[in-house]
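First comes the structure, then the notes that go with it.
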């Protein structure tokens, strides 16, 4: 009998988190293990509508508006995920720690407000493990240049991403037992194996 954990992939732009979350989904499918995968912002139909607003290059929201839009999208996802919670493996590409890293450490939004909103939305929904993908400035910019389309959050200055990644590392340090740092500057195949080996221990 497989356990059904909630697995999160975090990281700044170009860190490889989406690649590895997709790879995990392929692994679970091959093993015939039930799972659901979504991204934030986005995920379910209503959340994807909100994603388009947040990331649109023509959007210029105040940082508090951004926060509330992210939270609205998350609420729509949690309503949907409650049906699968502990029944399927849940993979989420960015989640609550992204909001803390970007909105608090990156943009300076009051941390207590973010935490209260997350608690209000999540209630008993718990994260089991998080993979934090880190990347250096050179590789981040190199990977962003390969993207066909860049959204609003792909275009901040390097100093912003540096603050966000340092914020992530602070979060990881506080939650070391449930966090694994993946250095995406290293060989991608090595990292894939590292993640899958950890997942095998989590789901057994």
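The values are calculated or read from the model by the stated rules, or taken from the named source; none is laboratory data. For clarity, every value in this text was computed on a predicted model and none was experimentally measured. Virtual Cβ from ideal backbone geometry, glycine too; neighbours counted across all protein chains shown.
Things worth noting here:
- The condition of being modelled with pLDDT of 95 or more, touching a helix residue (DSSP H, G or I) at 6+ places or on another chain (Cβ under 9 Å) and under 23 Å from residue 176 (Cα atoms) does not hold for residue 78.
Let's see how each residue does on (1) without any contact (Cβ under 8 Å) to a residue 12 or more places away in the chain; (2) part of a helix (DSSP H, G or I); (3) surrounded by fewer than 16 Cβ atoms within 10 Å (Cβ to Cβ):
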residue	(1), (2), (3)
108	no, no, yes
112	yes, yes, yes
119	yes, yes, yes
124	yes, no, yes
131	no, no, no
140	no, yes, no
147	yes, no, yes
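- Every residue from the range 1-27 that is over 22 Å from residue 137 (Cα atoms) and touching a strand residue (DSSP E or B) at 6+ places or on another chain (Cβ under 7 Å): 4, 5, 6, 7, 8, 24, 25
- Checklist (1) out of contact with any strand residue (DSSP E or B) (no Cβ under 7 Å at 6 or more places or on another chain); (2) in a helix (DSSP H, G or I) applied to residue 43, failing item: (2)
- Enumeration of residues in the range 144-199 that are in contact with a strand residue (DSSP E or B) (Cβ under 7 Å, 6 or more places away or on another chain) and under 23 Å from residue 70 (Cα atoms): 165, 168, 172, 179
- Which numbered condition residue 185 misses (of (1) free of Cβ contacts under 8 Å to residues at least 60 places away in the same chain; (2) over 17 Å from the mean Cα position of the chain (by Cα); (3) in a helix (DSSP H, G or I)): (3)
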